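Take a look at the structure set out below.
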Amino acid sequence: MQNYVRIAGTGSYLPEKILTNFDLEKMVETSDEWIRTRTGIAQRHIAAKDEATSDMGAVAATNALEMAGMTPEDIDLIIVATITPDVPFPNTGCYIQKKIGAKNATAFSVEAACSGFVFASDVAVSMLDGKRYKRALVVGAEKMSSIVDWEDRSTCVLFGDAAGAMILEAVENEEENSYIGAQLGTDGNFSDILYVPGGGSRMPLDEIALNEKLNCLRMSGQEVFKQAVNTMSRVSVDLLGQTGIDFDQVRWLVPHQANIRIINAIRKKLRLPEERCYVNVDRIGNSSAATIPVAIDEIVRNGDIQKGDLLLTVAFGGGLTWGSSILRWTKD
Ligand code: COA
């Protein structure tokens, strides 16, 4: 029997502390005007010092479970997308498992930077064969503030912390199917335009590395911008073509929230009107793997989606990695 996958619930979490552009003006040589016009960002959320990625992910997961009407014991698979794990190992999924008490789950993490949630959901769907795994918790959670160089104005204004979650459940009835399709891709040739140089086996963090801030994110802004627009437009057009879905049928474009200029360029290439493109980068900034599940949860909780509506997600990140998926909301 063919198996399908439905979205049973969504959840999200934003840390309490808000860092505005005006706060940043006091930290680096920048201005609210520069940040707004170049990025569309007005503020971002910053996790507390003792708040790790799994703490944020666990709250988002609990909210998603509540919407799904499930208990943590119902979950048999946890996949966490993050590039800011609590520690190198154990994987952040294990910490979330422990925190929410999902004792029947198998947990692991995937690392695909800002495309992480699209990757993790696709892995979950492929594992939800209904025999081994029935209910997956997919989380995108990032404490980007922990890898940002707070003295580098060209990067520190862009990022924020957040977590989003989605419960995916194997079902037999096609009418409940939420996962229409996905396309993923990577190109390691561009690995040096957006990366963290140190902290891994290539460059363990000794005193010299820390002095040079090799534990912090590095980025070639303009090259990333160009690649992001081209790649995200291409993969979403390809996916629509592959699934035979027309732009007009898409209720919401849910793009990775990196920069309003990138989002608008993609939207224009796809000829989608502004009111069908979800934007929260102004309030949240770029929270990497968390942007897409947070955006979807906001759409759902704001009541801006109806049964049968299609969402086109598209993401791009360091690697390079990219991915797009078409989701259908099938809950009443
Ligand atoms: N405040 C004020 N000035 C700043 C600044 C800041 N926060 N950051 C950079 N500048 C300065 C630069 O030093 C440069 O000054 P100069 O002309 O005197 O050398 C000038 O602004 C222009 O810098 P540039 O890098 O050309 O700006 P830009 O128009 O490309 O915008 C980004 C910079 C980072 C906003 C833009 O390249 C971008 O959004 N790239 C994609 C980033 C991204 O989304 N990454 C994550 C992808 S998942």
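To keep it simple, each residue is scored yes or no on (1) part of a helix (DSSP H, G or I); (2) surrounded by fewer than 15 Cβ atoms within 10 Å (Cβ to Cβ); (3) in the same structural domain as L128 (by TED's automatic domain parsing).
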{"position": "A8", "(1), (2), (3)": "no, no, yes"}
{"position": "T30", "(1), (2), (3)": "no, no, yes"}
{"position": "E33", "(1), (2), (3)": "yes, yes, yes"}
{"position": "I41", "(1), (2), (3)": "no, no, yes"}
{"position": "K49", "(1), (2), (3)": "no, yes, yes"}
{"position": "A58", "(1), (2), (3)": "yes, no, yes"}
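Grab the helices (runs of 4 or more DSSP H) fully contained in segment 76-179, keeping just those with 1 or more residues being more than 16 Å from the ligand (Cβ to nearest atom) and among the basic types (K, R).
92-100
Looking at I299, I284, which is the one that is within 16 Å of the ligand (Cβ to nearest atom) and not assigned by TED's automatic domain parsing to the domain that holds S109?
I284
The values are calculated or read from the model by the stated rules, or taken from the named source; none is laboratory data. This is a predicted model, so every value here is computed, not measured. Don't worry about glycine lacking a Cβ; one is built from the backbone with ideal geometry, like all the others, and counts go over all protein chains shown.
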